[in-house]
1. Jot down the per residue volume, in cubic angstrom and as a whole number, of the convex hull over the alpha-carbon atoms of region 18-59.
2. Of the heavy-atom accessible surface of the chain (probe 1.4 angstrom), what whole percent is carbon and sulfur?
3. Assuming a strict under-20 Å limit between Cα atoms, what lysine pair count do you get for the chain once near-sequence pairs (fewer than 8 apart, same chain) are dropped?
4. Averaged per residue, what accessible surface does the chain expose to a 1.4 Å probe, in Å²?
5. Sorted by average packing, counted as other Cβ atoms within 10 angstrom per residue and highest first, what order do 63-74, 22-33, 40-51 take?
6. Of the peptides 83-91, 5-13, how do they stack up when ordered by the mean number of other Cβ atoms within 10 Å, highest first?
7. Evaluate the Debye formula for the chain with equal point scatterers sitting on the alpha carbons, no solvent, and hand back log10 of I(q)/I(0) at q = 0.14, 0.15, 0.17 Å⁻¹, in q order, two decimals.
8. Which one, SER52, ILE17, PHE88, is farthest towards the positive end of the dipole of the chain when Lys and Arg carry +1 and Asp and Glu -1 on their Cβ?
Amino acid sequence: MSSKKIILNTNKNFEIIDITSQINREIDIDSGIVNVFSKHSTSAIVVNENESGLLKDLELMLGDLVNDKYSWQHDRIDNNAKSHLKSFILSSSETIPVANGKLDLGTWQSVFFIELDGPRTGRTVGLTFIGD
Ligand code: ZN
């Protein structure tokens, strides 16, 4: 087992960053699995298709599901309840197979870091490799 990390700076409140090639550069096993884990409660890691219209659709859907209909209680603390709630809906990690030293993704799959409360500096994504 080994681990590495990717540090990201984000530029917008909501931002989708394709980290597939960055992960591929860090892979130090030939075959096994990699767990990709965001160490933040207002972000997410997802696998899906990198198509600009679809990524906009995700932003619209999350905005529709988590809106200003309620007075969110967490906003009394640091005014970012919607960012956390969107993170609850998504996931903080994905585990992906590795084959021939690369992510073994489907043709239309990419790995994304999703910023839900940006812009931020120093967003940390941990990579844990299991395999050989
Ligand atoms: Zn908060």
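The values are calculated or read from the model by the stated rules, or taken from the named source; none is laboratory data. A quick note: this is a predicted structure, and the numbers were derived from the prediction, not measured. Using ideal geometry, Cβ is built from the backbone for each residue, glycine included, and neighbour counts are taken over all protein chains shown. What goes into the accessible areas is simple: the full protein's heavy atoms, side chains included, and nothing from ligands, DNA or RNA. Shrake-Rupley method; radii C 1.70, N 1.55, O 1.52, S 1.80 Å.
1. Per residue, the Cα convex hull of region 18-59 comes to 93 Å³.
2. 49
3. Taking the Cα cut-off of 20 Å, the pair count is 14.
4. Value for the chain: 57 Å² per residue.
5. 40-51, 22-33, 63-74
6. 83-91, 5-13
7. Once normalised to I(0) and log-transformed, intensities are -0.64, -0.72, -0.88.
8. So the residue we want is PHE88.
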